[in-house]
Amino acid sequence: MEEDHEVEVIRGKRVSSSIPLTGMRKVIAEHMCRSLSVSAQLTVMGELDVAELVKLRKSLIAKQDTMGTRVTYTDLMVLVVAKLLKDYPIVNASIIEDEIKLWEDINIGVAVAVGDGLIVPVIKNADQKSLVEISRAVKRLATKARERKLVPDDVRGGTFTITNLGALRGGYRFETVIINQPESAILGIGGITDRAVVRDGQIVIRPIMTYYFTYDHRIIYGAVAAQFIGGLTQLLGNPESLGNLN
């Protein structure tokens, strides 16, 4: 015979179970709320034609044995963004007290899902690294994150963050990503999906990646955000121009 148990009822709804808002979950919740309360966040969204990026990655995968790493789209995006941040230093900045500090270092955080939360290990001096070095660093830090072996220095000093929901099979999607304080911007990308688009007056199928770029309007104005996305579009259309691919 089953034992009766009391079911918690709140505002007319029965509670199935309760999850304590503690530990990492609580830290993330507090960090996200604080981020929205201390900065003027604006998100721009759109689509990127990544046919050339897909082609490049296929060629790199074919060479993975000699390169010593299997390059991912996240690795490539870190390389792309590191180059862009040199061209648009105001995006690689933070407000500290009453000044906008433009950072000399380009340290790119990569969001990693871990259990019931996420953590952002940082690729230090990403602009000075080759694609292979970036790929190895991303894999090493992601493994440490999932094994809960990160040390404080692994998550410290970020100047910009990338979150790739496509790597989690996010598919074709848009959302408003929240800035990782005290940074001034964050770039989210969705999965690459085949979409019908118009090119030269013809409907064709192209691999499309969605993006969502959230920036602090106190630091970055709309014109700069548009130029940054324009630069991103240009680099992804001609990724061979990146260099440092070995």
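Among DSSP bridges having both ends in the chain, what percentage is antiparallel? Round to the nearest 5. Before the final figure, lay out each step's value.
Working: 33 of 40 bridges.
About 80 percent, rounded to the nearest 5.
Give the peptides 69-80, 54-65 in descending order of average Cβ contacts within 10 Å, highest first. Walk me through the numbers before you get to the answer.
Values: 69-80: 21.3, 54-65: 13.8.
In decreasing order of mean packing, 69-80, 54-65 become 69-80, 54-65.
Among 9-16, 224-231, 186-193, 155-162, what's the highest-first ranking by average C-beta atoms within 10 angstrom per residue? Walk me through the numbers before you get to the answer.
Details: 9-16: 7.1, 224-231: 16.4, 186-193: 22.0, 155-162: 20.0.
Output ranking for 9-16, 224-231, 186-193, 155-162: 186-193, 155-162, 224-231, 9-16.
Say each of residue 114 and residue 149 gets a label point 7 Å from the Cα, pointing the same way as Cα to Cβ; how far apart are those two points in nm?
Between residue 114 and residue 149, the simple spin-label model gives 1.2 nm.
Go ahead and estimate [θ] at 222 nm for the chain from helices alone: -39,500 (n - 2.57) per DSSP H run with n ≥ 4, summed, over the residue count, rounded to 500.
Values: 6 runs with 79 residues, N = 246.
Mean residue ellipticity, 222 nm, calculated: -10000 deg cm²/dmol.
Just check the range 9-242 against the gyration tensor rule for me: Cα atoms, a ≥ b ≥ c as the square roots of the eigenvalues, rounded for a/c under 1.5, and otherwise prolate or oblate depending on whether a/b exceeds b/c. Please report the intermediate quantities before stating the final value.
On the way: a/c = 1.34, a/b = 1.30, b/c = 1.03.
Because its axes are fairly even, with a/c under 1.5, the range 9-242 counts as rounded.
Packing-wise, with mean Cβ within 10 Å as the measure, how do 19-29, 207-217 rank, highest first? Each step should come with its number before you reach the end.
On the way: 19-29: 11.1, 207-217: 21.0.
Order by mean packing, descending: 207-217, 19-29.
Mind listing the phi-derived Karplus ³J(HN,Hα) values for the range 150-158, rounded to whole Hz, using 6.51, -1.76 and 1.60 with θ = phi - 60°, and x for any glycine or proline?
Computed from phi, the couplings for the range 150-158 are 5, 9, x, 5, 5, 10, 9, x, x Hz.
Quick check: the distance between the Cα centres of the range 159-184 and the range 1-80, to the nearest angstrom?
7 Å
Pull up all non-local amide H partners of residue 184: gap of 5 or more, or a different chain, and H-to-H distance under 5 Å with H placed in the peptide plane.
Amide H neighbours of residue 184, under 5 Å, 5+ apart: 93.
How charged is the neighbourhood of residue 51? Take every other residue with its Cβ under 12 Å from the Cβ of residue 51, and add Lys/Arg as +1 and Asp/Glu as -1. Show your work: numbers first, answer last.
Working: positive: 55, 57, 58, 195, 199, 206; negative: 49, 52, 194.
Summing Lys/Arg as +1 and Asp/Glu as -1 gives +3.
Values quoted throughout were computed directly from the atomic coordinates according to the rules given, and no laboratory measurement underlies them. Bear in mind that the values here come from a model prediction, so they are computed numbers and not experimental data. Every residue, glycine as well, gets a Cβ built from its backbone with ideal geometry; the counts of neighbours run over all protein chains shown.
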